[in-house]
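Report on the structure given below.
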Amino acid sequence: EVDLEERLGELDLRSDSDVPDVPPPTDSTPEILKRALSGLSARWKNWWIRGILTLAMISVFFLIIYLGSFMLMLLVLSIQVKCYHEIITIGYRVYHSYDLPWFRSLSWYFLLCGNYFFYGETVADYFATFVQRREQLQFLIRYHRFISFALYLTGFCMFVLSLVKKHYRLQFYMFAWTHVTLLITVTQSHLVIQNLFEGMIWFLVPISSVICNDITAYIFGFFFGRTPLIKLSPKKTWEGFIGGFFSTVVFGFIFSYFLAQHQYFVCPVEYNSETNRFVTECEPSELFQMKKYFMPPLLQAVLGWETVNMYPFQMHSIALSTFASLIGPFGGFFASGFKRAFKIKDFADTIPGHGGIMDRFDCQYLMATFVHVYITSFIRGPNPSKLLKQLLILQPEQQLSVYKTLKSHLVEKGILQPSLRG
Amino acid sequence: PTSDDTPEVLNRALSNLSSRWKNWWVRGILTLAMITFFFIIIYLGPMVLMTIVMCVQIKCFHEIITIGYNVYHSYDLPWFRTLSWYFLLCVNYFFYGETVTDYFFTLVQREEPLRILSKYHRFISFALYLTGFCMFVLSLVKKHYRLQFYMFGWTHVTLLIVVTQSHLIIHNLFEGMIWFIVPISCVICNDIMAYMFGFFFGRTPLIKLSPKKTWEGFIGGFFATVLFGLLLSYVMSGYRCFTCPVEFNNDTNSFTVDCEPSELFQLQEYNIPLVLQSVVGWKTVRMYPFQIHSIALSTFASLIGPFGGFFASGFKRAFKIKDFANTIPGHGGIMDRFDCQYLMATFVNVYIASFIRGPNPSKLIQQFLTLRPDQQLHIFNTLKAHLVDKGML
């Protein structure tokens, strides 16, 4: 009987070239496409498949945007689950650990725990009025962290009890693999949803900038590419990188201009408990109101205008596009390195011509975190409904003392008129 | 196997005993030394405790990362040692920044550079982390990709375990030293008691992973720890220096533990359930409410805490190492002593947040002040309506 531990131990220490390849995923291009393109040569066929699928994905994207926030949330959740599944499956194939006792159940269980924790935190914040009315939900919300922790601990103890002699190392690897995957996919997807609730524009502009950067960097590289950018991805070139950067900034600028005009994109998503639907209606914040900006003298000479009417948000879009073009690609390089390390061509074969869902979303993850940190640092402070929820949990004496402090502050600032009654 | 670094002094003093008894004595002496050390730093106060927690954290991180190097023979990987320490620094910067902002609020607002660092704290931390991430990507070298990704994953999981837990411990400490001392003591007591009960009465093995553990030790340790927790809490609840939250006094620029003890730490009469009345002979007993909580803490330390130990045992078997390191003679590395503590720290933190106190009022006020005026007004009015509803206004 081959000792799996010994074999794995040797596997770890061999240099990359000695490691056997993970078998390539099967080709899942639909029959329809294959027949339609059967006349073309292989290279053009690949081009066409990629092109058609790109258009298909962009159309699905627009359709979902039209359908509204709730569908978008579902879409984000589905993508998260699929990405998680893809990465875990790669782990199984790398370690030949598909038959490890309990492990498939434990991976899905931890995914469930992670999502329960995050959705509980999010739902409680945004659906405060909905939650207040239902007693059982109140209990779940109040002790949410404890319940989530208890659920996680159960999984942890199950893992310890499932440890089997001769498979210890494999099981620890899969445990760590699961946790790192959860960290990447689940936290990012929840940051995406938080961004979405801030306003659909904070969801659309970053994602579009990354996609635009992907496409324009490819096009610039195709026509002008000469100097290689990084050994990790030999197809990337400096010309593509720089050309992509400038095009993405311009694209983001123009795209923001159009989106900023519609309340549908600009307003925070709120849940209306009477109609039981999401609404996006509000007084647009000053970020989305036209302002006159004075052009710096340098640009004045070039363009011939002295002032320009812009939305302040467009300045922020420059920051977002810059990040998407300069740092976003590092997410792609990371994924390329990962694929080379584990000798796989694509994460999966879900999308014909493009690979798996992870292949499309590898640059998006860094972007989601950046947008979230950007919003909390520069755009708004803490979430008001979350603050309110926490205030209502305090002890009555604490609430009273907080009330008095707030009142004196508001009176001082002139926001509240001082009254004779307490 | 790691080399024997028992100090020469001990070696000479115990040279005539047989090797089994010598091992026993070494372990015993070191146990007493560690417990004495624990008491000394408690005496020295919160600041020293925080420093010790920080040192333990760094040592644990170092031990686990070194194991990774040994497993993968990756000590010479380009950049990697630097990157591991850099990530440790980033994550500590992030957590300490959040803690400092919460607890030293007035101090931070006074000093201009600190105020800006605190306002954009998350952004700065994220930028620092990203720099490390990009450096990692740029450091990827052909033929070493897999090793580098392994070490990257290893570093992140280690950070998750070691750094987050140590910060939860510090949060518990700020809640009141009793929330730091009682859980840690319960875990140590459970270790020792389970060992003793196992030594004298142990017959039925508990889990294949750790053949030395027995059911008798487990159950005996459980009851002994609950009892110990009750007694220790009783003694500590009487002293303000243990029960009061640690606060930073802006005028004296030092930590103070002075307050009106909360009702958790005020003696109350409890009616003994009829079952116990016949056994013990009393009708009522005077206890601190905190002692009831200590039962929950001791129970967790005895029943779930050992799973942390089993996890560490499994880890050591998986990577074929006897101990995490050889820092403490007879006991192994720092991680060997602290493996059960990690789950405990998280549990205590979640317990406090769920059952003891709600959110921190001063933190809430702080957040309120950063909102827009219309949001402030909305919240103020909702709070007012709520208080009127409750009859407080």
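What percentage of the solvent-accessible surface of chain B, computed with a 1.4 Å probe over protein heavy atoms, is contributed by carbon and sulfur atoms?
In chain B, the share of accessible area belonging to carbon and sulfur is 66 percent.
Where the centre of each part is set by its Cα atoms, how far does region B:250-296 sit from region A:219-260, in angstrom?
Each part's Cα centre sits 66 Å from the other's.
So, counting K/R as plus one and D/E as minus one, what does the shell of residues with Cβ under 15 Å around B:Thr204 add up to?
With Lys, Arg at +1 and Asp, Glu at -1, the neighbours total +3.
Residues with beta-carbon under 11 Å from that of A:Lys231, excluding A:Lys231: net charge, scoring Lys, Arg +1 and Asp, Glu -1?
Value of the local net charge: +3.
Using +1 on the beta carbon of Lys and Arg, -1 on that of Asp and Glu, and nothing else charged, what's the dipole of region B:39-187 about the Cα centre, debye to 20?
Computed about the Cα centre, the dipole is about 480 debye.
At a threshold of 8 angstrom on Cα-Cα distance, excluding pairs fewer than six apart, so keeping six or more, what relative contact order does region B:46-359 reach in percent?
For region B:46-359, the relative contact order is 19 percent.
Counting other Cβ atoms within 10 Å, keep those with at most 16, restrict to DSSP loop, and tell me which chymotrypsin sites (Phe, Trp or Tyr not before Pro) in region A:72-123 are left.
Passing both the DSSP loop test and the Cβ count: A:Tyr98, A:Trp102.
Which is the longest stretch in chain B that no exposed loop site breaks, taking sites as chymotrypsin sites (Phe, Trp or Tyr not before Pro) with a DSSP loop state and at most 11 other Cβ atoms within 10 Å?
Excluding the exposed sites themselves, the longest stretch runs over B:76-281.
Report, by chain and number, residues whose modeled amide H sits under 5 Å from the one on A:Ile230, excluding near sequence neighbours (fewer than 5 apart, same chain).
A:Lys236
Report the label-to-label distance for B:Ser254 and A:His262 in nanometres (one decimal), using points 7 Å from each Cα along the Cα→Cβ vector.
Using points 7 Å along Cα→Cβ, the separation is 6.4 nm.
Mind checking the per residue accessible area of region B:249-321 for me, 1.4 Å probe, whole number of Å²?
On a per-residue basis, region B:249-321 sits at 55 Å².
Too long at a 31 Å Cα-Cα cut-off: which of A:Lys291/A:Lys389; A:Lys292/B:Lys119; A:Lys82/A:Lys389; B:Lys59/B:Lys212; A:Lys236/B:Lys316; A:Lys339/B:Lys316?
A:Lys291/A:Lys389; A:Lys82/A:Lys389; A:Lys236/B:Lys316
Counting only other chains, and only Cβ atoms inside 10 Å, what mean value do you get across the residues of A:137-147?
Average per residue, whole number: 2.
Summed for both chains, how many Å² of accessible area, to the nearest 100, are buried between B and A with a 1.4 Å probe?
So the total buried area for this chain pair works out to about 7000 Å².
Restricting attention to region A:246-354, which chymotrypsin sites (Phe, Trp or Tyr not before Pro) occupy a DSSP loop and are surrounded by at most 14 other Cβ atoms within 10 Å?
For chymotrypsin sites (Phe, Trp or Tyr not before Pro) across region A:246-354 that sit outside H, G, I, E and B with at most 14 neighbouring Cβ atoms in 10 Å, the list reads A:Trp305.
Name the cysteines of chain B that stand alone by the Cβ rule: no other cysteine Cβ under 4.7 angstrom.
B:Cys55, B:Cys60, B:Cys90, B:Cys134, B:Cys186, B:Cys189, B:Cys241, B:Cys340
The values are calculated or read from the model by the stated rules, or taken from the named source; none is laboratory data. Because the structure is a prediction, the values reported are computed rather than measured. Quick reminder, even Gly has a Cβ in these numbers, built from the backbone with ideal geometry, and neighbours come from all protein chains shown. Protein only, heavy atoms only, side chains kept; ligands, DNA and RNA dropped before computing areas. Shrake-Rupley method; radii C 1.70, N 1.55, O 1.52, S 1.80 Å.
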